[in-house]
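Okay, structure first, notes after.
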């Protein structure tokens with residue numbers, strides 16, 4: 001939606017180019033064209049959010065190097081997207097393990113329904129059931145308080161966990177993401193890159209169970225250009241069904 005609006009604005013500026021050069025000068029016209037091209041291209045959401053931070057005289061670009069700077073990123077995301085204020089100083093960050101570079105922060109009280117509403121403002125989301133708040137009844141981590149986890153910063157879910165069912169992962173002591181954690185990762189990844197996770201495989205959200213004992217899964221359907229949320233039997237395993245391990 002943002003890309004379409006900014007693309008329309010870009011077309012207007014290009015059409016009015018000669019007039020704008022006369023009114024504001026060639027250099028400023030070129031700068032505006034460049035800005036709207038970035039807004040309408042891949043990563044446009046990130047450029048837009050950075051621009052809004054610039055207008056507030058905040059640091060437009062957050063360096064994602066360590067837990068502290070990533071906490072700042074999440075604080076900005078929740079403030080701008082959900083209107084939530086989170087106190088990052090009180091969040092306990094787990095000890096980081098090699099290969100787990102991405103910090104996810106899940107705020108107290110946020111619901112699956114709220115996340116889906118925000119995602120649907122950006123792209124199509126298909127759910128196996130509309131009321132995920134009611135249907136996803138078990139989560140191995142619950143946001144009664146704000147918490148943080150580490151995951152691998154990869155587009156496709158962990159290859160190490162392919163062909164392992166949720167029951168097998170549990171027996172091996174491998175913690176996997178919950179459905180909420182996976183959807184939040186989709187949100188921040190799309191916001192910052194304009195791209196999607198799991199374009200070839202499904203993330204098996206082995207940290208969650210639905211009311212029937214099934215395990216939620218998430219996949220970007222490139223053909224239908226939408227995010228799909230389905231569910232799988234806890235014994236189901238496949239090369240294309242992979243959990244994302246967490247450090248909590």
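Go through segment 75-112 and give me each residue that's closer than 18 Å to residue 141 by Cβ, part of a helix (DSSP H, G or I) and modelled with pLDDT of 90 or more. If the condition is that a residue be closer than 18 Å to residue 141 by Cβ, part of a helix (DSSP H, G or I) and modelled with pLDDT of 90 or more, then 78, 112 are the ones that fit.
Put simply, of 220, 202 the only residue that is within 19 Å of residue 168 (Cα to Cα) and out of contact with any helix residue (DSSP H, G or I) (no Cβ under 6 Å at 6 or more places or on another chain) is 202.
Residues 144, 137: which one is in the same structural domain as residue 88 (by TED's automatic domain parsing), more than 14 Å from residue 243 (Cα to Cα), part of a strand (DSSP E or B) and over 18 Å from the mean Cα position of the chain (by Cα)?
None of the other options fit; the residue is 137.
Checked against the criterion of being closer than 30 Å to residue 39 by Cα, crowded, with 19+ Cβ neighbours inside 10 Å and assigned by TED's automatic domain parsing to the domain that holds residue 77, the candidates 183, 169, 132, 209 yield just one match: 183. Can you confirm whether segment 120-127 contains a residue that is exposed (fewer than 14 other Cβ atoms within 10 Å of the Cβ), in the same structural domain as residue 185 (by TED's automatic domain parsing), within 28 Å of residue 159 (Cα to Cα) and touching a residue at least 12 places away in the same chain (Cβ under 8 Å)? Yes, segment 120-127 contains a residue that is exposed (fewer than 14 other Cβ atoms within 10 Å of the Cβ), in the same structural domain as residue 185 (by TED's automatic domain parsing), within 28 Å of residue 159 (Cα to Cα) and touching a residue at least 12 places away in the same chain (Cβ under 8 Å). Every test in (1) modelled with pLDDT of 80 or more; (2) within 15 Å of residue 187 (Cβ to Cβ); (3) touching a helix residue (DSSP H, G or I) at 6+ places or on another chain (Cβ under 8 Å) is passed by residue 48 save one, and that test is (1).
Annotation: residue 199 fulfils all but one of (1) within 26 Å of residue 81 (Cβ to Cβ); (2) part of a strand (DSSP E or B); the unmet one is (2). I'd like to know if segment 93-110 contains one or more residues that are touching a residue at least 60 places away in the same chain (Cβ under 8 Å), closer than 20 Å to residue 189 by Cβ and surrounded by fewer than 16 Cβ atoms within 10 Å (Cβ to Cβ). Yes, some residue in segment 93-110 is touching a residue at least 60 places away in the same chain (Cβ under 8 Å), closer than 20 Å to residue 189 by Cβ and surrounded by fewer than 16 Cβ atoms within 10 Å (Cβ to Cβ). When segment 168-190 is filtered for residues that are in a loop (DSSP other than H, G, I, E, B), free of Cβ contacts under 8 Å to residues at least 60 places away in the same chain and closer than 22 Å to residue 74 by Cα, only 178 remains.
The values are calculated or read from the model by the stated rules, or taken from the named source; none is laboratory data. Keep in mind the model is a prediction, meaning the values are calculated, not measured. For neighbour counting, all protein chains shown are included, and Cβ atoms are generated from backbone atoms with ideal geometry for every residue, glycine included.
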